[in-house]
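Remarks on the structure that follows.
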Amino acid sequence: MKFKITHHTEYVFDSEVFLEPHYLRFRPRQTPYVDVSNFSMTIVSEPIGHRVIQDEENNVLDFCWFEELTNTLTIIAESILETMPYNPFNFILHPQSFNQLPFQYNAQQKKLLFSTLEKQPISPELIDYGTRLLEASNFNTIQYLANLTSQLHKDFSVVYREVGSPMLPDETFQLKKGSCRDLTWMQINLLRQQGIAARFVSGYFYFDMEDEPAYELHAWVEVFLPGIGWLGLDPSHGILTGNTHFPIASSAHFENTMPVSGGIRGSATSKLITQLSIEKL
């Protein structure tokens with residue numbers, strides 16, 4: 001299948017500002033089952049400098065710097081992608097000890113995965129929620145990850161929040177609802193408590209809609225398992241990720257996956273306007 005993604009982002013300021021250098025994360029990642037055949041980006045006000053770079057976690061992003069005063073910043077990113085056949089269950093875990101929880105990464109893995117194993121305090125109630133599912137899954141790693149992701153989808157309502165950082169995991173757990181990034185951040189922190197390396201992923205997700213399509217930037221979880229690599233889990237939809245999840249950026253820290261990072265000089269307030277379309281070609 002072939003897809004065209006058009007992502008329009010516009011910041012409108014109520015007075016002129018000077019744009020500090022910005023990091024832009026809109027480039028879909030090339031994967032073994034997603035071929036990015038074309039990517040283009042239009043930026044207005046036009047930057048005086050633009051460089052494609054790789055960040056500390058190997059994400060490819062656009063770094064731009066500016067010179068003129070402006071009252072708008074508009075970014076239009078267009079991507080053409082082609083997906084390959086993909087079976088998310090075509091794997092084995094190796095060593096075999098990783099088939100059962102709890103497991104232990106070796107010393108080198110722990111060093112490389114350190115930031116994705118970093119824990120923050122979460123409530124006993126959230127820990128107990130995971131423990132009950134772990135026991136019901138007979139401590140089988142894949143069965144637990146699939147069951148947890150599916151159960152989160154059943155137990156939590158997904159709501160739309162255009163801007164803002166993810167809520168604290170315990171807040172999402174108590175409310176029993178949240179945006180895709182709220183559910184993702186909650187699941188990441190639960191998995192880290194159980195010794196599973198987990199990171200935050202931002203990207204696009206295509207699925208067929210009966211009504212007028214209304215797509216949004218999406219977030220999900222990736223866990224590291226030897227023999228698989230990074231395995232995607234989507235708690236908003238209760239599924240393992242497939243070849244219509246198109247990752248852009250992944251990080252141990254959700255702040256490093258935001259589509260636009262950068263400041264302004266000036267006292268203006270801003271309005272954000274976004275539009276995302278994903279067309280099957």
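The values are calculated or read from the model by the stated rules, or taken from the named source; none is laboratory data. Worth saying up front: this structure is predicted, and the values here are computed from it rather than measured. Heads up, the Cβs are rebuilt from the backbone with ideal geometry, glycines too, and the neighbour counts pull from every protein chain shown. Keep in mind that these areas ignore ligands, DNA and RNA; they rest on the heavy atoms of the full protein, side chains included. Shrake-Rupley method; radii C 1.70, N 1.55, O 1.52, S 1.80 Å.
General observations
- Residue by residue, segment 62-73 carries 3J(HN,Hα) couplings of 9, 10, 10, 9, 10, 10, 8, 6, 8, 10, 8, 9 Hz when phi is fed to the Karplus relation 6.51 cos²θ - 1.76 cosθ + 1.60 (θ = phi - 60°); x denotes Gly or Pro.
- Accessible area per residue was computed with a 1.4 Å probe on protein heavy atoms; LYS110 scores about 90 Å².
- R0 of 30 Å, Cβ-Cβ distance GLU216-ASN90: FRET efficiency to nearest 0.05: 0.55
- Hz values of 3J(HN,Hα) by residue in segment 217-226 - Karplus curve (6.51, -1.76, 1.60), Gly and Pro given as x: 4, 10, 9, 8, 10, 10, 10, 9, 9, x
- Accessible area of the chain belonging to carbon and sulfur atoms, whole % at 1.4 Å probe: 51 percent
- With a threshold of 29 Å on the Cα-Cα distance, the over-threshold entries among LYS4/LYS271; LYS4/LYS154; LYS110/LYS154; LYS111/LYS154; LYS119/LYS280 are LYS4/LYS154; LYS110/LYS154; LYS111/LYS154; LYS119/LYS280.
- Computed with a 1.4 Å probe over protein heavy atoms only, the accessible area of PHE246 comes to about 0 Å².
- Under-5 Å amide H pairs with GLY227, H placed in peptide plane, nonlocal only: HIS94
- Using Cβ point charges alone (K and R +1, D and E -1), the dipole size of segment 73-162 about the Cα centre works out to roughly 300 debye.
- Taking only the C-alpha atoms of segment 1-80, Rg followed by Dmax gives 14.2, 46 Å.
- Solvent-accessible area per residue, Å², over segment 10-134 with all protein chains present [probe radius 1.4 Å]: 60 Å²
- Options LEU69, GLN104, PHE205, ranked by Cα towards positive dipole end of the chain, top entry (Cβ charges): GLN104
- The amide H of ALA197, built 1.01 Å from its N in the peptide plane, has PHE224 as neighbours under 5 Å, considering only residues 5 or more places off or on other chains.
- Gap separating the Cα centres of segment 173-242 and segment 70-127, nearest whole Å: 9 Å
- Loop GluC sites (Glu not before Pro), segment 1-82, which have at most 12 other Cβ atoms in a 10 Å radius of their Cβ (DSSP): GLU56, GLU67, GLU68
- Using θ = phi - 60° in the Karplus curve 6.51 cos²θ - 1.76 cosθ + 1.60, the 3J(HN,Hα) couplings for segment 263-274 round to x, 10, 10, x, 10, 6, 9, 10, 10, 9, 10, 10 Hz; x is entered for Gly and Pro.
- Rounded to whole Å, sorted largest first: equivalent-ellipsoid semi-axes of the chain, Cα gyration tensor: 34, 21, 19
- The chymotrypsin sites (Phe, Trp or Tyr not before Pro) of segment 89-170 that DSSP puts in a loop, and whose beta carbon has at most 16 other beta carbons within 10 Å, are PHE89, PHE91, PHE139, TYR160.
- Each listed q (0.19, 0.22 Å⁻¹) maps to a log10 I(q)/I(0) for segment 1-139 from the Debye sum over equal C-alpha point scatterers, namely -1.13, -1.29.
- Largest first, the three principal axis extents of the alpha carbons in segment 106-163 are 39, 37, 22 Å in whole numbers.
- Ranking of SER251, SER97 by solvent-accessible surface, largest first: SER97, SER251 (1.4 Å probe, protein heavy atoms only, all chains present).
- Probe 1.4 Å, protein heavy atoms only - accessible area per residue of segment 153-200 in square angstrom: 41 Å²
- Square roots of five times the Cα gyration tensor eigenvalues for segment 150-203, Å: 17, 13, 10
- By a 1.4 Å probe calculation restricted to protein chains, ARG265 has an accessible surface near 140 Å², given to the nearest 10.
- Segment 158-281 gives an Rg/Rh value of 0.99, both radii derived from C-alpha positions and Rh following Kirkwood.
- Whole-number Å³ per residue for the convex hull built on Cα positions in segment 86-137: 142 Å³
- For segment 113-159, the list of GluC sites (Glu not before Pro) that fall in a loop by DSSP and count at most 15 other C-beta atoms within 10 angstrom reads GLU118.
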